[in-house]
Every structure is written in structure tokens, then in C-alpha cells.
1. Scan region 26-46 for residues that are closer than 17 Å to residue 133 by Cα, in contact with a Ser or Thr (Cβ under 8 Å, 6 or more places away or on another chain) and away from the ligand (no atom under 14 Å from the Cβ) and report the count.
2. Consider only pairs whose beta carbons are under 8 Å apart and that are at least six residues apart or on different chains; among these, list those whose first residue lies in region 121-141 and is within 30 Å of residue 167 (Cβ to Cβ) and outside the structural domain of residue 277 (by TED's automatic domain parsing) and whose second residue is within 10 Å of the ligand (Cβ to nearest atom) and in a helix (DSSP H, G or I).
3. Would you call residue 199 among the aliphatic types (A, V, I, L, M) and within 16 Å of the ligand (Cβ to nearest atom)?
4. Picking from 169, 233, which residue would you name as being small (Gly, Ala, Ser), at pLDDT 95 or above and assigned by TED's automatic domain parsing to the domain that holds residue 273?
5. Just checking, does region 215-233 include any residue being without any contact (Cβ under 8 Å) to a residue 24 or more places away in the chain and farther than 23 Å from residue 11 by Cα?
6. Can you find a residue in region 107-116 that is touching a residue at least 60 places away in the same chain (Cβ under 8 Å) and away from the ligand (no atom under 16 Å from the Cβ)?
7. Identify the single condition in (1) of a type outside the set (Asp, Glu); (2) more than 16 Å from the ligand (Cβ to nearest atom); (3) under 18 Å from residue 193 (Cβ atoms) that residue 221 does not satisfy, given that it satisfies every other one.
8. Conditions first: (1) of a type in the set (Gly, Ala, Ser); (2) away from the ligand (no atom under 15 Å from the Cβ); (3) in a helix (DSSP H, G or I). Residue 49 passes all but one, so which condition is the exception?
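The values are calculated or read from the model by the stated rules, or taken from the named source; none is laboratory data. Only a predicted model underlies this, so the values are computations on that prediction, with no experimental measurement involved. Every residue, glycine among them, receives a Cβ derived from its backbone with ideal geometry; neighbour counts consider all protein chains shown.
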Amino acid sequence: MSHYNKELKFAIEIVRKASIITEWFKKKNFGSFSYKKPDQSPVTLADFASQIYLNSQIREYFQDDQIIAEEENVEFIDLKAENLIKQCFKELNINKLEILKENIRYHGKTSERQWTIDPIDGTIGYQQGLSYAIGVGFMINSNPKICAIAVPNYNVDLLAIFSAEENQGAQVSYSNNVFKPIKVNHNEDLRNIRLCHSLHYDQPWVLKFAQDIGIRNFIQIDSMAKFCMVADGTADLYIKPLDLEHSFTWDFMPGDLLVKEAGGNVTDLNGEHLKFKEKKCTWTKPGIIASNRKLQKKILELIKRKPPN
Ligand SMILES: [Mg+2]
């Protein structure tokens, strides 16, 4: 029985609408309004507009809940930027004009009920017209309960919305509200597997390891769409190098829950599950593997023999 049906439906609706916001900015060609965060990663006006919308919805409908969201650099939003966000919201009939900046930094109340927000995952991909995603998760005391991930242009030019609830399975809908269950595939033949890996944040050991064990098919894309590809069986394996400094709950919690609920497994290179604590995602060895259970075990054994250096 679903325990979080209300939160799940809500998350699906807000990531759907947030994707309309991000696509609005893309179509208007406002990608040039981008900034460098203190960690040198890029952020665009669309990231801010998406987070303002997502935070404001949670603020309105779940006012006692806590929000753990990625963006916080409100200083980038000058008058020109603010006016563009207002123009977007006006054209899309979003009535959130009065408290723009405040909504970026709105964290709600400290609560066991916690929402994680990634307003655009894969910002570089977004800027280049490639793959990106919007990810929302919901946790109780840092334990994942539901997720919703919108991936515009996932399948040809369709918007895909992936969602999952703990112990209730994973599902997808394409450009409508009809959801179908998804499952990881059962492929474990190394010569035939398709590995997805990061387009802009990869490390050489991932590809070298994959080639050494005989993998020949690669899908290189940005964002948590890689978790979606494993969850719906499009890809067989996802290997991601991690570094502790840039390992946040909003990046990994939605995909972690989605793959597990689709019957797969997600662990670090030691075989340990990812752990979430407020905004931090932690692990014991610097990388994660998402796959079906059998292939995942096989890959873990091979990584033990050829550990990344
Ligand atoms: Mg982001």
C-alpha cells in the first residue's frame, strides 16, 4: 500500500511544470545568462527559475516540511535576471512573482519530512541542448521514500517522467499522465552490455576499466537520466566516479531509489549502499555502480581485482 501517494502525485506534477519552465528558457535562448558558482560549476537563470518554482510549491502545500535544494547564490539574480524570470512565470501563468529571491533560499522548517531539489541536473548538457533532468526526492529522516525525475527529450523529443515509491516499484510516463511500470533488464553478458557514463564529469578510469573487461557499447550523457536508462532497461550499467566534496543528496537520491524500485541495485565500489544525511550523500569507495543485481555483483568482483587508482 502506498504511504506517500499525495507526495508522489505532487512531486510528479511539480517536476512536470518545472520542465516547462526550463524549456521556456531554452526556447527563448537565454542560455547566455549563466554564472559560475564558487565551486566553478555553471548555473543558469533556468536553474534559479526552476528552483524558485519548486520551492514555492512545497512552501505552499507542505509548509511544515524541510527543503534541501541545490542553488543558493541569490546574488546572481540582478534586476534584469529577475525580470526575465518574472516574464517566464507570467507567460506560463505561474503566480509566484512577489517573493522570487526569498524562495530560492527557503528551507522550510527543520523536520523529519525532507524534500530534495535539483532544479536542473546536468546544467552543461542543458546549455548545449543535450540531456538534462529535474529531480525531486522526499525522505523521512534522510531515508528515501519517493522520487520524481523529469527528463525532457528523453525518447526522441518526448518528456519522460520517472517516479518511484519505496516498496511500490518504479514507473514512467511519456508526455501524458499514463504511468507504466519499468524494470531493469537482465543482461549480464559483458560483451553485449551498454554502459552509460558521464559526458562532462567523467574520469579516465571508468572508460579504461570498461574497455579492459570487454565492454564495447557506451552511452555518454549528462544528468541523472543515466539512472533512468538503467531503471527502464535502456542501459545495463552505469558507473560514476564520485568525489566527496561534490556528492550531494539531490544528485543521487532520486536515481538511487528509482533503480532499486525497478529491481536493480546501486552501491559504491565496495558494495555498500549510498547513505544520505541531510544534504550529503556518503559512500566508502569513490564511485558508484547502478545495474541489475547479477551484473552489479559481477562488476563489483571485477573492480575488486582491478581497483581504480
Ligand atoms: Mg543542478
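1. Within region 26-46, residues that are closer than 17 Å to residue 133 by Cα, in contact with a Ser or Thr (Cβ under 8 Å, 6 or more places away or on another chain) and away from the ligand (no atom under 14 Å from the Cβ) number 1.
2. 121/250; 121/251; 132/123; 132/126; 134/50; 135/250; 135/251; 137/250
3. yes
4. Checking each option against the conditions leaves just 233.
5. Scanning region 215-233, I find no residue that is without any contact (Cβ under 8 Å) to a residue 24 or more places away in the chain and farther than 23 Å from residue 11 by Cα, so the answer is no.
6. Yes, region 107-116 contains a residue that is touching a residue at least 60 places away in the same chain (Cβ under 8 Å) and away from the ligand (no atom under 16 Å from the Cβ).
7. Evaluating residue 221 over (1) of a type outside the set (Asp, Glu); (2) more than 16 Å from the ligand (Cβ to nearest atom); (3) under 18 Å from residue 193 (Cβ atoms) leaves (2) as the failure.
8. Residue 49 satisfies every listed condition except (2).
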